[in-house]
Amino acid sequence: MGELDRSELIEYFIAEAEDYVNTLSGGIQQLAADQQNISHVEDLFRAAHTLKGAAAIVKFNTIRNISHKMEDVLEELKDKKLYPTQPVLELLSYLLDNVKDLIQNIAEGKPENTDIEAKVITKTDELLKKAQESQANIPGIKQKSEHTVSASETALPTAQSAPAPAEASRWGKRKEDSEFFTGNFIKYDVRKIEEMLNLIGEITIMKNYLIQKTKTTETIADEIFFSGRRLLKEVTNFADKYAYSLPANVKYVDPLLSEFGELEFDRYDELNLFSRKLQEITNDINEALSSLTDFFDSFDIEVKQIGNMLTMLRYDITEMRMLEIGRLFQRFVRPIKDLAGEAGKNVDLKILGSDTKIDKIIFEKLFEPLMHIIRNAVAHGIETTDQRLIKGKPAQGSLTLSARRDGNAVLIEIIDDGKGIDTEKLVKEAVSRNLLGPNDILSDEEKLSLIFVPGLSTSSSADMVSGRGMGMSAVSSKISDLSGTIEINASDQGTTFKIRIPSSLAITNAMVFMSANMEFLITANVIEEIIQIEPSSEAIGSEASTINYRGKTIQSKYFSELFGIPKSPTDTTMKFAVVCNISDKKVAIIVDKVIAQEETIIKPMNEFLSGLYIYSGATISGDGTVRFVVNPAKVFESQAALMEFQPIVMEKPDTGVILVVDDSLSIRKYASSFLEQRNFTVITASNGLEALNILQENDSINLIMTDLEMPLMHGYELMAKIKENPRLSHLPIIVLTSRSADKHKEKAISAGASDFLVKPFDENTLSDILKKHFQLTI
Amino acid sequence: MTKEKEEAGSHIEDVTYNVFKVGEKEFLLPVDTVREIIEISRIFPIPMAPDYIFGAVPLHGGRVIPAIDLSKIHPTGEPLYTNAKLVVVNAGKENIGFLSETIPYLVSFSPDIPVDGLINVDEFFETYRVKGPWHGRT
């Protein structure tokens, strides 16, 4: 069945078998301790069964046959045809011991010891017969008490087994289980690895933070160094200047010195000594600073070393999560055989590159989509032998599963030599569903990619084997969820699916780009090429835009536009088109700047934000910045489809635009928040003149709220100007003032104010006034 | 029997809430839903998120959680987030954070006292979970 390296398979087998053996030996001991409790016999039966299957794959027929015997006995126990009496348990232990010995031999690199098989089987049959006979003699009613008795009997030797090795061997404890196999494998919870990676991510961020802090400290040290030098210079100057020009009237405290004349002795007064001291201290500081600099130099190197070690650690831990894809391919062997058998087809399965490693998480998620493609290939792709012979193809159909590493990605190919895909049927279906016009001309490639359109199928009725239609679009979306791409090639000579998937989810190679002044990432494996495009290019900014890529027209989108930021026509900076592969189609995302390529840990989006599906995840950069990973496939989903997913958020109805004029900032703020809460748009001005300017430029204002006393232009003047202007004269004006006198109110009303409010105003009164003007319930 | 019940009722333990403030309003969270309260050093914008999501905050373990601004959902008056804290809550397997102007404090009430401003985290999560990109945000 192909090129799976047997020795590696054996390693897996040993690791796997250890589990089953442990389950079995633990279970048999448990049975011995409590024969009444046979609830876990089911588990034991399954363990024996799986062990048998695993042994069969690596062709360890003796282990397979002995496990099979074990399975038989356990099945009878399970079905209550046999009871876990001592002879039965002894038999099971005997079988398990033999299996252990066989596996031990294999683990030591020796071939399977097939000699013992006949002996073991014969002995088993004998023991089994005996056990059955002895149980047949027990009348049904007595059975229970019999078992209770034997339970207490058998429990004793087990409890005393430790000091008596001969006794212990009966319960499969002849060798310490912990050192049973010599293989170097342990089993470990993947989630723990995830936690470790998280920690490493955090340490990495901390390390980068540390490096940044070190730089800051170095700058501070430089400043101190510089200041110290200045101080030293000043002190030296000072000392030079005054050292020998001491005032004559200085009284020397030391009577000894007073005997000397001016030039006879270098006299040191307090000042002199002080300057000398200062010099010394400054020198000391400089000295200390220079050793600090040395420290930082080496510290920097050491932190960087930590960085390197972290990277290595991250790689190693990531590696722990990697599995050989061969193990995944193995899971298809059986279903393919069964499927081919049912359909009466003869299929030869080839497996290539099974040692290619892939992240455990991806591994699990690949099973379903691959299974789907494989089912399709066997059920619909490969013809029956008769049909094949008519077409002149070899009688036996061939299906190849291959994997190989391609940079940071893994390329998986599923190749069959069947009849390919009926593209005409796809086109017909697409036309009948109005997805295509009847006269649309498609290239062969485009026709093929219709298979990824939800609901389109080549088979008229869905069958049991493969759902069809919906399936391929689901496959494509599953692959895209894994940041992978899928391509299809088909002719009447066969179909090839190419799936490119990142080999690890933990560390992803991604391209960092900048758009709308923010950094985003696109995983490198979907990127075909990055090309520079002319700023004047029509591709940028238009709705249904395209660019020319290697002689082909491909769909493009200006990334910032997604956020409602259209490209400014005056923007003349060079843009970049990131050409991506999505479901067998190339598209270009136009970005402002390509920054770097980096290896990063991508976390899935927070569930709360998962509706923002143009992002497939988030990552934290070295300096702690959160950046989102863009899923190019979703960027190109039709705008209409995206719009259907409008969030439920209350889009605030715009009740009206109000201009608030007041020289007091707090009143402006207070009025704004009061009005905005009631869904008004608020524009503010701090005096009449500013308000007038705004009114002249802005047609949308529905109402004005103004103070009376303001600098530059007061409220009365503002009102007069508004009433003079025919365009503005209709606007209602609410006067808001601290002047409560009727004189002011009368003057304001006569100047054109529709309402008069005295500060501090009552919110309800203002609400009522607004209701009046906007005829609504607020 | 009824009397016994009543007596038992009066001895029911008080319910403790975490109280935090946004604008002029106080919100309450059942204390067991609060995972931690963190200082926010930086909040990062999330393009296309609805306006009640203030931004993204990195959490331990490299995860990123949304910081929710309740003033965009409830009338609270203008919030003052200059020294905002993030109240991180457990919602199922996920975590989300609410911005708070102040360090939250604990209060206990008898369970029969109706409380105002109580947030049911799971319900909130379901109601306000982002259902799709928010286009044309100004």
Run down A:48, A:56 and say which single residue is under 23 Å from residue A:12 (Cα atoms), of a type in the set (A, V, I, L, M, F, W, C) and surrounded by fewer than 19 Cβ atoms within 10 Å (Cβ to Cβ). A:56
For segment B:71-116, list the strands (runs of 3 or more DSSP E) that sit wholly inside it and hold at least 1 residues that are within 9 Å of chain A (Cβ to nearest Cβ), under 17 Å from residue B:43 (Cα atoms) and touching a helix residue (DSSP H, G or I) at 6+ places or on another chain (Cβ under 8 Å); which are they? B:94-100
Filter the strands (runs of 3 or more DSSP E) completely within segment A:309-361 down to those with at least 1 residues that are touching a residue at least 24 places away in the same chain (Cβ under 8 Å), closer than 19 Å to residue A:58 by Cβ and within 25 Å of the chain's Cα centre (by Cα). A:322-324
Answer yes if at least one residue in segment A:680-701 is closer than 26 Å to residue A:602 by Cα, within 14 Å of chain B (Cβ to nearest Cβ) and either modelled with pLDDT under 85 or in a strand (DSSP E or B) (or both), and no otherwise. no
When residues of segment A:277-303 are limited to those that are touching a residue at least 60 places away in the same chain (Cβ under 8 Å) and within 44 Å of the chain's Cα centre (by Cα), the one farthest from residue A:412 (Cα to Cα): A:292
Note: among A:708, A:659, just one is crowded, with 17+ Cβ neighbours inside 10 Å, modelled with pLDDT of 80 or more, more than 50 Å from the chain's Cα centre (by Cα) and of a type in the set (A, V, I, L, M, F, W, C), namely A:708
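Residue-wise test of (1) charged (D, E, K, R); (2) modelled with pLDDT under 90.
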position: B:35; (1), (2): yes, no
position: B:40; (1), (2): no, yes
position: B:44; (1), (2): no, no
position: B:55; (1), (2): no, no
position: B:58; (1), (2): no, yes
position: B:75; (1), (2): no, yes
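Here is a yes/no grid of residues against (1) within 22 Å of residue A:11 (Cβ to Cβ); (2) crowded, with 17+ Cβ neighbours inside 10 Å; (3) under 44 Å from the mean Cα position of the chain (by Cα):
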residue	(1), (2), (3)
A:24	yes, yes, yes
A:60	yes, yes, yes
A:93	no, yes, no
A:103	yes, yes, yes
A:122	no, no, no
A:133	no, no, no
Among the numbered criteria (1) over 22 Å from residue A:681 (Cα atoms); (2) in a helix (DSSP H, G or I); (3) acidic (Asp, Glu), which one does residue A:709 miss? (2)
List, please: which pairs have Cβ atoms under 9 Å, are six or more places apart or on different chains, and start with a residue in segment A:658-679 that is within 10 Å of chain B (Cβ to nearest Cβ) and end with one that is part of a helix (DSSP H, G or I) and buried (at least 20 other Cβ atoms within 10 Å of the Cβ)? A:674/A:766; A:678/A:770
So which residues in segment A:618-638 are modelled with pLDDT of 80 or more, at the interface with chain B (Cβ under 7 Å from one of its Cβ atoms) and assigned to a loop (DSSP other than H, G, I, E, B)? A:625
Could you tell me whether segment A:644-654 includes any residue that is hydrophobic (A, V, I, L, M, F, W, C), modelled with pLDDT under 85 and over 26 Å from residue B:48 (Cβ atoms)? no
Name the one entry in A:529, A:534 that is more than 14 Å from chain B (Cβ to nearest Cβ) and modelled with pLDDT of 85 or more. A:529
Can you find a residue in segment B:48-64 that is touching a Pro at 6+ places or on another chain (Cβ under 6 Å), in contact (Cβ under 8 Å) with a residue 24 or more places away in the chain and on the phi > 0 side of the Ramachandran plot? yes
Report the residue count in segment B:39-64 for those that are touching a Gly at 6+ places or on another chain (Cβ under 7 Å) and more than 8 Å from chain A (Cβ to nearest Cβ). 1
Mind checking which residues of segment A:365-396 are acidic (Asp, Glu) and within 16 Å of residue A:474 (Cβ to Cβ)? A:368
Of all residues in segment A:587-617 being surrounded by fewer than 18 Cβ atoms within 10 Å (Cβ to Cβ) and away from chain B (no Cβ under 13 Å), the one that is modelled with the lowest pLDDT: A:599
When you check residue B:125 against the structure, is it at pLDDT 90 or above and facing another protein chain (nearest Cβ under 8 Å), yes or no? yes
Just one of the numbered conditions (1) closer than 16 Å to residue A:754 by Cβ; (2) out of contact with any strand residue (DSSP E or B) (no Cβ under 9 Å at 6 or more places or on another chain); (3) of a type in the set (S, T, N, Q) is not true of residue A:696; which one? (1)
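The values are calculated or read from the model by the stated rules, or taken from the named source; none is laboratory data. What you see is a predicted model, and the numbers here were worked out from it, not measured in a lab. Backbone-built Cβ (ideal geometry, glycine too); neighbour counts: all protein chains shown.
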